[in-house]
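A.B. asks: Got a structure here, written out as structure tokens. Questions coming.
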Amino acid sequence: MIYTNKSEIINTIENFGYSLVDDNLNNLKASHDLIDAYDKDGYYYQIYWYNIRKGYMPLKFHKRNLYTIRNINRFLENMNMSDYICISESYENNHTPLMFLHKKCGKTFEASLVQISGKWMRGGYKYYKRCPHCECHLKESLHASILKQVFLHTFPDTITEEKSCINPKTNRILPTDIVNHRMKIAIEVQSHFHDNICRKEIDKYKKSFWENKGYKFYNPDIRDYTILGMIQIFFKEISEIPSYVDYSFSKHINYVKVQPMLDIGYSIKEIEKELNYNNHYVHTLLQAKKVSLPNNYKEKILNIRPIVQVSKKDELIERFESKCEADRMGFAYGTISRVLAKKQKFAYNTCWFYEDEYLIGNYEIPSDDFDHFTLAVSKFDMNDNFIKSYESIYAAEKDSKSNRHEIFRVANGIHKSSRKEKWKFISN
């Protein structure tokens, strides 16, 4: 059957709340052709208009809906999640993983539509999957830190991270994000971090604690509000984020800044100093795979390069992954470093080279000057009582408070003693 009554089709579609994308409906066959339409919320569909006439509503997300991926991104916008975009080319069902791009950090990750939109879990909490490369508390920190600044600016007697609430089981402080005792309000900003069962118990106790004191307790969730929207819960007169807000107010680490600094050659210590982070914050990000070290980080930034020990006759003796490994094997780090830096010729009566230079022949065995640290010495106390003999000054150094240079100067008669120790060369 061929339908050519254009007005009938349009009226049928519009009666069910849809609008046509294209009104070119000549020679439409209800059993073969699809109509492109969209609803008032901006979702698009491919519709058999005759099915709608019979009461069959189209699905936003369906593998036969050409617009499903577009609808998912529209859904993300409507859910206040415009930081995310679905970049998959096709959709199978609600539980099949899709590829999402987190525009803020530029990283991609997999999540099903159920996971990204929120899935009810055992225990009565809803799990929302978000970018695994980002700190779970980073967005909460941004919402909370800006809200804290607005409160502190408007009501200077506000206390942030207020410590009155104590966990009765552990006797530990349970800080509350924002508290104003004069106004009798307490605020604990929520995020998916608080969906954990243990965190829900803690938040439940906080709520009970403040309400029993006669305070109004608020627990707005960042997934329900933009930053401005959360501010307007308490300050309806504010129409935009105030200019006095400092976006670096939060102490939480921002990995988006960290990765580029790693890429251009900053060391971890330099990053923590530059961004004013505590020790181990960057290591935490590395362990969580939020950031990654460049391929040449160890060699060029930490100077961790394999080294080789070579005899004076140019014979390979040993290979070490690094100077640290050689140090653990009994060869002092500083001594080897001086040889590698060509500040001295030998260490432990052998040569030391970086492995990559050794393999391509970019090295030279130094002329064999006498190494006086190989001389045997004996140690005495300050009363000239014999203590012990050593086959070399190197060996003596390991069992002494004095370093090799001090030992040599005392044994050579330059100094009388060093660190309450006396030394003499063994004649042979």
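The values are calculated or read from the model by the stated rules, or taken from the named source; none is laboratory data. Just so we're clear, the structure is a prediction, and the values are computed from it rather than from any experiment. Neighbour counts are summed over all protein chains in view; Cβ atoms, including those assigned to glycine, are modelled from backbone coordinates with ideal geometry. For accessibility, only protein heavy atoms count, side chains too; no ligands or nucleic acids. Shrake-Rupley method; radii C 1.70, N 1.55, O 1.52, S 1.80 Å.
A.B. asks: Using the structure shown, decide if A341 is over 30 Å from E421 (Cα atoms) and modelled with pLDDT under 90.
C.D. replies: Yes; evaluated as a whole, the condition is true for this residue.
A.B. asks: Are there any pairs, at least 6 apart or on different chains, whose C-beta atoms fall under 6 Å, with the first in the stretch 407-428 and of a type in the set (G, A, S) and the second in a strand (DSSP E or B), and if so, which?
C.D. replies: Close Cβ pairs satisfying both conditions: A411/V377; A411/W423; A411/K424; A411/F425.
A.B. asks: Take the residues in the stretch 73-89 that are hydroxyl-bearing (S, T, Y) and touching a strand residue (DSSP E or B) at 6+ places or on another chain (Cβ under 7 Å); name whichever of them is surrounded by the fewest Cβ atoms within 10 Å (Cβ to Cβ).
C.D. replies: The extreme case among them is S88.
A.B. asks: Inside the stretch 258-273, can you point out the residues that are among the hydrophobic types (A, V, I, L, M, F, W, C) and either open to solvent by less than 30 Å² (accessible area, probe 1.4 Å) or at pLDDT 80 or above (or both)?
C.D. replies: Taking the stretch 258-273 and keeping what is among the hydrophobic types (A, V, I, L, M, F, W, C), we get 258, 261-262, 264, 268, 271.
Answer for the stretch 258-273, where residues must be among the hydrophobic types (A, V, I, L, M, F, W, C) and either open to solvent by less than 30 Å² (accessible area, probe 1.4 Å) or at pLDDT 80 or above (or both): V258, M261, L262, I268, I271.
A.B. asks: Taking into account only those residues within the stretch 364-412 that are of a type in the set (F, W, Y) and more than 53 Å from the chain's Cα centre (by Cα), which is nearest to V339 (Cα to Cα)?
C.D. replies: The selected residue is F380.
A.B. asks: Sticking with this structure for a sec: Take the residues in the stretch 72-94 that are part of a loop (DSSP other than H, G, I, E, B) and over 15 Å from V114 (Cβ atoms); name whichever of them is modelled with the lowest pLDDT.
C.D. replies: N80
A.B. asks: Looking at the stretch 274-290, which of the residues that are open to solvent by 100 Å² or more (accessible area, probe 1.4 Å) and outside any loop (DSSP other than H, G, I, E, B) is modelled with the highest pLDDT?
C.D. replies: Per the stated criteria, the residue is E274.
A.B. asks: Restricting to the stretch 305-320, count the residues that are modelled with pLDDT under 90 and farther than 12 Å from I365 by Cα.
C.D. replies: So the answer is 2.
A.B. asks: Taking interchain pairs and intrachain pairs at least six residues apart, which have beta carbon atoms under 6 angstrom, with the first residue in the stretch 361-384 and aromatic (F, W, Y) and the second surrounded by 14 or more Cβ atoms within 10 Å (Cβ to Cβ)?
C.D. replies: Close Cβ pairs satisfying both conditions: Y363/F353; Y363/E357; F373/I393; F373/Y394; F373/R404; F380/K422.
A.B. asks: Which condition does K163 not pass, out of (1) open to solvent by less than 50 Å² (accessible area, probe 1.4 Å); (2) in contact with a strand residue (DSSP E or B) (Cβ under 9 Å, 6 or more places away or on another chain), if it passes all the others?
C.D. replies: Tallying (1) open to solvent by less than 50 Å² (accessible area, probe 1.4 Å); (2) in contact with a strand residue (DSSP E or B) (Cβ under 9 Å, 6 or more places away or on another chain), K163 fails exactly one: (1).
A.B. asks: Check whether at least one residue in the stretch 125-145 is hydroxyl-bearing (S, T, Y), at pLDDT 80 or above and open to solvent by less than 30 Å² (accessible area, probe 1.4 Å), and report yes or no.
C.D. replies: yes
A.B. asks: Counting residues that are closer than 18 Å to I426 by Cα and open to solvent by 40 Å² or more (accessible area, probe 1.4 Å), which helices (runs of 4 or more DSSP H) fully inside the stretch 310-416 reach at least 1? Give the steps one after another, and end with the answer.
C.D. replies: Numbers: elements: 323-328, 333-340, 355-359, 393-398, 404-411.
Hits in the stretch 310-416: 393-398, 404-411.
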